1. Any residue in segment 138-160 that's outside the structural domain of residue 93 (by TED's automatic domain parsing) and at pLDDT 95 or above: show its pairings with residues that are in a helix (DSSP H, G or I) and exposed (fewer than 13 other Cβ atoms within 10 Å of the Cβ) at Cβ separation under 6 Å, as long as the two are six or more apart or on different chains.
2. Given the options 52, 24, 10, name the one that is outside the structural domain of residue 128 (by TED's automatic domain parsing), touching a residue at least 40 places away in the same chain (Cβ under 8 Å) and over 16 Å from the mean Cα position of the chain (by Cα).
3. Out of 100, 127, I need the residue that is at pLDDT 95 or above and either buried (at least 17 other Cβ atoms within 10 Å of the Cβ) or within 18 Å of residue 40 (Cβ to Cβ) (or both). Which one?
4. What's the number of the only condition in (1) surrounded by fewer than 15 Cβ atoms within 10 Å (Cβ to Cβ); (2) modelled with pLDDT of 95 or more; (3) closer than 28 Å to residue 20 by Cα that residue 45 fails to meet?
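The values are calculated or read from the model by the stated rules, or taken from the named source; none is laboratory data. Bear in mind the structure is a predicted one, so any value in this text is a computation, not a measurement. Using ideal geometry, Cβ is built from the backbone for each residue, glycine included, and neighbour counts are taken over all protein chains shown.
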């Protein structure tokens, strides 16, 4: 599988940062970096990463089944994760989720027709003290209200 020179450099740096025999620890960052470049975690990517780390494809699939930030199908250019775990739920995270679904006309792990925005209901993004929280790609938004969610989503429609 061919990656950009920048991704190859990231992989090299990452693999060299772990001692021999411990490079499996690079699995999740490698998958995330590659997913950012190619759009999703494909079977070809699973095999490539497994080979580079000296592990089986099954071991890569085990990680894929656990981590919600890894996707087997392409998501939107802007992937919005809305937390509905207990802290966010107690602060109307479930209402934010319903609001986003209605506003965008899509549901869990679906993408708008133009491919710009996808949404996902998640269990926890580690921002319980700032609930309700959402994450757009790698950016966190805390104490989100329905009005603030509208601003964020409308802003994504206008972004290049």
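1. Going by the 6 Å Cβ cut-off, there are no qualifying pairs.
2. 52
3. On inspection, the qualifying residue turns out to be 100.
4. (1)
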